[in-house]
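Participant: Starting off with a structure, shown below.
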Amino acid sequence: MFSPFINCRKRSNEAGYTLIEILVGMTIISLIFSVGYASYRDFARRQALEGSARRLEADLRLAQEQALAGKKPSTIACTGGELLIGYDFYAETATTYKIQANCSGGLVDVKTVEIAEEITLSSSPNRFTFKVLGRGTDLSTAADITLTQTATGNTFGITVSPEGEIK
């Protein structure tokens with residue numbers, strides 16, 4: 001005989017998750033995310049510093065190359081009878097530097113660069129010249145250029161010798 005009250009008890013093996021299981025899972029996921037995010041942020045900062053350093057080094061090599069080639073910009077300060085003395089690196093501010101053609105008629109801006117956020121530039125001295133035709137620089141001692149990441153304190157240094165070697 002059939003009785004409708006036989007299966008009235010609630011079954012305890014139904015599929016689903018309890019609130020505790022969901023909270024433990026969310027906690028584990030958030031911990032993994034926070035560790036991953038911190039690692040990614042550090043990686044991104046290191047890459048920004050290294051990228052700025054590579055760009056600075058490339059710009060120094062550009063100035064050196066232009067001076068070696070004796071290439072004069074086509075401006076009034078450098079055309080006609082004006083002589084090319086060389087190409088200058090000029091650390092204008094803590095976040096800006098310039099590459100300038102140094103002619104007997106004056107300085108001509110070739111390139112102005114804003115450094116990435118959170119990175120500062122210091123150079124001793126803040127201006128020096130790569131002389132024409134491989135005559136080195138106008139430095140009596142090596143120039144030290146340092147990029148510093150303000151958030152982490154990490155630094156990257158570039159040295160330019162009096163002979164014009166960039167390290």
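Participant: What list of ³J(HN,Hα) couplings, whole Hz, do you get for region 72-80 from phi and the Karplus terms 6.51, -1.76, 1.60, once you set θ to phi - 60° and write x for glycine and proline?
Facilitator: Whole-Hz 3J(HN,Hα) from phi for region 72-80: 9, x, 8, 10, 4, 5, 10, 9, x.
Participant: Follow-up. Given an 8 Å cut-off on Cα distances and at least 6 residues of separation, report the relative contact order of region 19-160 as a percent.
Facilitator: On the way: 230 pairs, mean separation 28.5, N = 142.
Taking the mean separation of contacting Cα pairs over the length of region 19-160, I get 20 percent.
Participant: By how many nm would the segment from GLU57 to ASP42 lengthen if fully extended, with 0.36 nm per residue of separation less the alpha-carbon distance? Provide the component values of the computation, followed by the final result.
Facilitator: On the way: separation 15, 0.36 × 15 = 5.40 nm, distance 2.26 nm.
Extending this stretch completely gives an extra 3.1 nm.
Participant: Hey, another quick one. Please list the non-local residues whose amide H lies under 5 Å from the amide H of GLY105, H modeled 1.01 Å from N, same-chain partners needing a gap of 5 or more.
Facilitator: The list, which skips near neighbours in sequence, is LEU83.
Participant: Okay, next question. For region 19-160, state what percent of all Cα-Cα pairs lands in each successive 5 Å bin, counting from 0 Å until the bin that includes the largest distance.
Facilitator: 2, 10, 16, 16, 13, 10, 8, 6, 5, 4, 3, 3, 2, 2, 1, 0, 0
Participant: Something else: Give the residue from ILE20, GLN66, LEU147 lying farthest towards the positive end of the charge dipole for the chain; charges sit on Cβ (+1 for Lys and Arg, -1 for Asp and Glu) and the dipole is referred to the Cα centre.
Facilitator: Checking the options against the dipole of the chain, the answer is ILE20.
Participant: Now for a separate question. Counting Lys +1, Arg +1, Asp -1, Glu -1, what net charge surrounds THR137 among other residues with beta carbon under 9 Å of its beta carbon? The partial results should precede the final answer.
Facilitator: Working: positive: LYS131, ARG135; negative: ASP138, GLU163.
In short, 0.
Participant: To the nearest 10 degrees, how steep is helix 19-69 against the longest Cα principal axis of the chain, on a 0 to 90 scale?
Facilitator: 10 degrees
Participant: Kindly provide the GluC sites (Glu not before Pro) of region 46-131 that DSSP labels as loop, not H, G, I, E or B, and whose Cβ sees at most 11 other Cβ atoms within 10 Å.
Facilitator: Hits after loop and neighbour filter: GLU117.
Participant: Quick one: length gained pulling PHE33 to GLU82 fully straight, 0.36 nm per residue minus the C-alpha distance? Walk me through the numbers on the way to the answer.
Facilitator: Details: separation 49, 0.36 × 49 = 17.64 nm, distance 6.16 nm.
Here the answer is 11.5 nm.
Throughout, read-outs are computed from the coordinates displayed, never taken from laboratory work. Quantities reported herein were computed from a predicted structural model and do not represent experimental measurements. As a convention, Cβ positions derive from the backbone with ideal geometry for all residues, glycine included, and neighbour counts pool all protein chains shown.
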